[in-house]
Amino acid sequence: MVEISFSSSFQRAYKKRIKGNLDLEAKFWQKVEQFTIDPFEQSLKTHKLSG
């Protein structure tokens with residue numbers, strides 16, 4: 001299982017864009033939960049960074 005921490009700039013952006021919109025909030029936390037269980041889940045479309 002992966003541990004996730006959020007930066008202060010991310011927290012500000014989250015409050016501004018996602019918090020309060022129940023649909024987006026639910027989708028966001030669902031994806032975070034999926035990522036903590038399996039970071040390479042096909043539906044998340046994660047990939048190695050290059051460059």
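All of the numbers you see were taken from the coordinates with simple rules; none came from a lab. The structure presented is a predicted model; accordingly, all values stated were derived computationally and were not measured. For neighbour counting, all protein chains shown are included, and Cβ atoms are generated from backbone atoms with ideal geometry for every residue, glycine included.
Observations on the structure shown:
Matching residues to (1) in a helix (DSSP H, G or I); (2) under 11 Å from the mean Cα position of the chain (by Cα):
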{"residue": "1", "(1), (2)": "no, no"}
{"residue": "6", "(1), (2)": "no, yes"}
{"residue": "10", "(1), (2)": "yes, yes"}
{"residue": "20", "(1), (2)": "no, no"}
{"residue": "50", "(1), (2)": "no, no"}
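- Cβ-Cβ distances below 9 Å connect the following pairs, each with a first residue in region 40-51 that is free of Cβ contacts under 8 Å to residues at least 60 places away in the same chain, a second residue that is part of a loop (DSSP other than H, G, I, E, B) and loosely packed, with under 10 Cβ neighbours inside 10 Å, and a separation of six or more residues or different chains: 46/40.
Results for (1) surrounded by 12 or more Cβ atoms within 10 Å (Cβ to Cβ); (2) out of contact with any Asp or Glu (no Cβ under 9 Å at 6 or more places or on another chain), shown as yes or no for each residue.
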{"residue": "3", "(1), (2)": "no, yes"}
{"residue": "24", "(1), (2)": "yes, yes"}
{"residue": "30", "(1), (2)": "no, yes"}
{"residue": "34", "(1), (2)": "yes, no"}
{"residue": "38", "(1), (2)": "yes, yes"}
{"residue": "41", "(1), (2)": "yes, yes"}
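- Those residues of region 27-48 which are farther than 12 Å from residue 4 by Cα and assigned to a loop (DSSP other than H, G, I, E, B), in sequence order: 38, 40, 41, 45, 46, 47, 48
- For region 5-22, the set of residues classified as of a type in the set (A, V, I, L, M) and touching an Asp or Glu at 6+ places or on another chain (Cβ under 7 Å) consists of 18 only.
- Taking first residues from region 1-28 that are more than 21 Å from residue 44 (Cβ to Cβ) and partners that are of a type in the set (D, E, K, R), the Cβ contacts under 9 Å between residues at least 6 apart in sequence or on separate chains come to 19/25.
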